[in-house]
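Peer 1: Pasting in a structure now, in structure tokens, and then I'll have a few things to ask.
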Amino acid sequence: MAKTIVPIGPYHPLQEEPEFFSLTVEGEKVVDIDVRIGYNHRGIEKLSEMKTFDQSTFVIERICGICSTSHPFAYTRAVEDIISVEVPERAKYIRTIIAEGERIHSHLLWLGLAGHFLGYNTVYMWVWKLREEILDVMEILSGNRNNYAMFKPGGVRRDIKQEDIPDVIKKLDSIIPSLTMIKKAVIDDPVIHARTKGIGVLSKEDAINYAALGPTSRASGVARDVRKDAPYGVYDKIEWNMIVTKNGDVFDKVIVRILEVLEAIKIMKECLLTLPKGEIDLNIKDIPPGEGIGHVEAPRGETFHYVRSDGTNRPVRHKVRAPTFMNLPTFKATVVGETISDATIILAAIDPCYCCTERMAVRNIKGTKLYNGEDLIRLSQEKTEKIKRKMGL
Amino acid sequence: MRREEVIKDLRERFKEEIIDFFDKSPKRVYIEIKPEAILKVSDYIFKSLSARFNIASGVDTRYHVEILYHFIFEDINLLISLRVKLDKKKLEIDSLIPIFEAANWIEREIHELLGINFKGHPDLRRLLLSDDWPEGIHPLRCDYKEWDEKAIRDRGV
């Protein structure tokens, strides 16, 4: 059978990280995949060398629009590792609260989009409505719905007002019933089972070989979470569970993320209720020469920063490793062997920067057939419809 | 294995290969090794001690180009960074792909940003830089100069 190359991407007005996938297909089946990134390479590592340690937090906050807190968090921990200091207790609590709020809204955003790609636009609308509540919470706490600018080496920039806390807890409580309902709907829905179970399986060996991170590896049975293994913030003082499943398919990745949202709400509430009084900043003046490493668990996995200082007020090297950098290559293990109508959701299941999948074009080598992105989403949604009809729903 | 055991094991096993050993803090250890030994040491750390490969990071200093390979031992919360210093005249080191697939992209990245040749890498294509970026110009080198007069890169804008 003739092999066809399916280019996916790279540009779409909504996406923050353009990526280009080229799938080689035989009929419906994907036999090879290649990924090309770098369309949005902004040279932030180089840029960071020209900023002072304090200014760098603002630059790297703009690396990602969704997990905008994880980068400053890892960076400030790396700088604190150079000086070997611990931030004040209250600052640790505030950092944890902001990081968990971000995890909730990031996972909800992903869940909504996953629903859309499977042809469940109701899920999409519902979940994004819930996400609005969280964005409001973040606005109350930090003044911004995104890019919170709360972090600085040595502490946090803004304090949380005591009188805001009851409002925030009320808002957090209000989304738990709807989330529980969505969780049940996903676990019980036979169509979602048929579309996602056993699809795009990442085995435990592959997860270790590719050094996959975060929910992508936890869904494959790798019980690793930076918050548990190398506790930072106040994660070692609070009761919470690490969510691990063992099948590694798309369904498990959905489940891990939904359950993590509920855990994150629990952590955030407990932090708000037990917030201690005290200083929020160490007022660090000088950074001595040396090198430091900071790593935190972002919504998508471990974010890793390496900073080297030569004693001046600027870093001489600042290495940034985002979690998707390690998760993206796992496509080679998950997509190959699956059908093209499943490729959309498998590519989406690691929660990459996602909207790339909306702009696809299918073309056969001789150029006789041309589908665009909408056609491929339609293919995916039609498959759901077909399964529904077969089940008599 | 506890922290002391891991460190003692590594120090004894690779007595010949280790050049410098820096115990920075309870969670961070920096070990400088000979560049030729990178495959041997990382193979032992990844396979026998089952550490996770975090990432590698390259730094251009005045005399050498350094590469740090970061491995985390999650059970004991210890991050070991293997440091290799490459002579600027001969920027070559063995690729780690035979040991784990996770090294693929980062080696491609260091190859284009710092100009290091990874021996045995199956596919050293560009990862981040655009197609019109000229060959042989590496943006993270100390001596990097803007090659395109029209570009606004690197002027502190």
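Peer 1: When residues of segment A:85-124 are filtered for being hydroxyl-bearing (Ser, Thr, Tyr) and over 21 Å from A:Met150 (Cα atoms), how many remain?
Peer 2: Here the count works out to 3.
Peer 1: I would also like to ask the following. Test of understanding: among B:Ile99, B:Ile55, which residue is assigned to a loop (DSSP other than H, G, I, E, B), closer than 16 Å to A:Ala211 by Cα, in contact (Cβ under 8 Å) with a residue 12 or more places away in the chain and within 17 Å of the chain's Cα centre (by Cα)?
Peer 2: B:Ile99
Peer 1: Tally up the residues in segment A:130-156 that are buried (at least 17 other Cβ atoms within 10 Å of the Cβ), in a loop (DSSP other than H, G, I, E, B) and free of Cβ contacts under 8 Å to residues at least 40 places away in the same chain, please.
Peer 2: The total comes to 0.
Peer 1: Identify the single condition in (1) among the polar types (S, T, N, Q); (2) outside any loop (DSSP other than H, G, I, E, B); (3) at pLDDT below 85 that B:Asn104 does not satisfy, given that it satisfies every other one.
Peer 2: (3)
Peer 1: Give the residues of segment A:294-322 that are on the phi < 0 side of the Ramachandran plot and not in a strand (DSSP E or B), sorted by residue number.
Peer 2: Correct list: A:Pro299, A:Arg300, A:Asp310, A:Thr312, A:Asn313, A:Arg314, A:Ala322.
Peer 1: Which one is surrounded by the most Cβ atoms within 10 Å (Cβ to Cβ) among residues in segment A:232-262 that are within 14 Å of chain B (Cβ to nearest Cβ) and either among the aliphatic types (A, V, I, L, M) or assigned to a helix (DSSP H, G or I) (or both)?
Peer 2: A:Val244
Peer 1: Within segment A:278-291, can one find any residue that is within 11 Å of another protein chain (Cβ to nearest Cβ) and not acidic (Asp, Glu)?
Peer 2: Taking every residue of segment A:278-291 in turn, at least one turns out to be within 11 Å of another protein chain (Cβ to nearest Cβ) and not acidic (Asp, Glu).
Peer 1: If you don't mind, another one. In segment B:123-141, is there at least one residue being out of contact with any Gly (no Cβ under 8 Å at 6 or more places or on another chain), under 19 Å from A:Lys319 (Cβ atoms) and modelled with pLDDT of 85 or more?
Peer 2: no
Peer 1: Follow-up. Considering B:Arg28, B:Arg108, which residue is under 24 Å from A:Asn327 (Cα atoms), basic (Lys, Arg) and crowded, with 18+ Cβ neighbours inside 10 Å?
Peer 2: B:Arg108
Peer 1: Could you list all residues from segment A:196-231 that are in contact (Cβ under 8 Å) with a residue 60 or more places away in the chain, assigned to a loop (DSSP other than H, G, I, E, B), within 14 Å of chain B (Cβ to nearest Cβ) and crowded, with 21+ Cβ neighbours inside 10 Å?
Peer 2: A:Leu202, A:Tyr210, A:Ala211, A:Ala212, A:Leu213, A:Asp225, A:Ala230
Peer 1: For segment B:15-52, give me the residue count where each residue is in contact (Cβ under 8 Å) with a residue 12 or more places away in the chain, at the interface with chain A (Cβ under 9 Å from one of its Cβ atoms) and in a loop (DSSP other than H, G, I, E, B).
Peer 2: 1
Peer 1: Still on this structure, please answer the following. Take B:Ser81 and decide whether it is within 9 Å of chain A (Cβ to nearest Cβ) and outside any strand (DSSP E or B). Please lay out each step first, then the result.
Peer 2: Values: within 9 Å of chain A (Cβ to nearest Cβ): yes; outside any strand (DSSP E or B): no.
Considered against the rule, which asks whether it is within 9 Å of chain A (Cβ to nearest Cβ) and outside any strand (DSSP E or B), B:Ser81 comes out as no.
Peer 1: Considering B:Leu86, B:Leu39, which residue is under 25 Å from A:Lys46 (Cβ atoms) and within 16 Å of the chain's Cα centre (by Cα)?
Peer 2: Within the list B:Leu86, B:Leu39, the selection yields B:Leu86.
The values are calculated or read from the model by the stated rules, or taken from the named source; none is laboratory data. As the structure is a computational prediction, the values presented were derived from the model and not from experiment. Virtual Cβ from ideal backbone geometry, glycine too; neighbours counted across all protein chains shown.
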